[in-house]
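Please read the structure below before turning to the comments.
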């Protein structure tokens, strides 16, 4: 389970970097997207952590 929580932001960030490069944007232009990826990944991690403790 920990692998999924760690890989999710990494994979999403790589996809986002690829999108930025294909469309010729700089990483600074995509800064807001990285924030959204971090927030989304944090919410998913908190949800799975909560569910892990609830179902123990």
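Remarks
- To the nearest ten degrees, helix 31-54 and the longest principal axis of the Cα atoms of the chain are 10 degrees apart.
- Taking 7 Å steps out from each Cα toward its Cβ at residue 55 and residue 43 produces label points 2.1 nm apart.
- Solvent-free Debye calculation, one equal scatterer per alpha-carbon of the chain: log10 I(q)/I(0) at 0.13, 0.18, 0.28 Å⁻¹ equals -0.40, -0.63, -1.06.
- Against the chain, whose longest principal axis is taken from its Cα atoms, helix 2-22 shows a tilt of about 10°.
Read-outs throughout are calculated quantities, based only on the coordinates presented, and are distinct from any laboratory measurement. The structure presented is a predicted model; accordingly, all values stated were derived computationally and were not measured. A quick note on method: Cβ atoms are made from the backbone with ideal geometry, for glycine too, and the neighbour counts reach across all protein chains shown.
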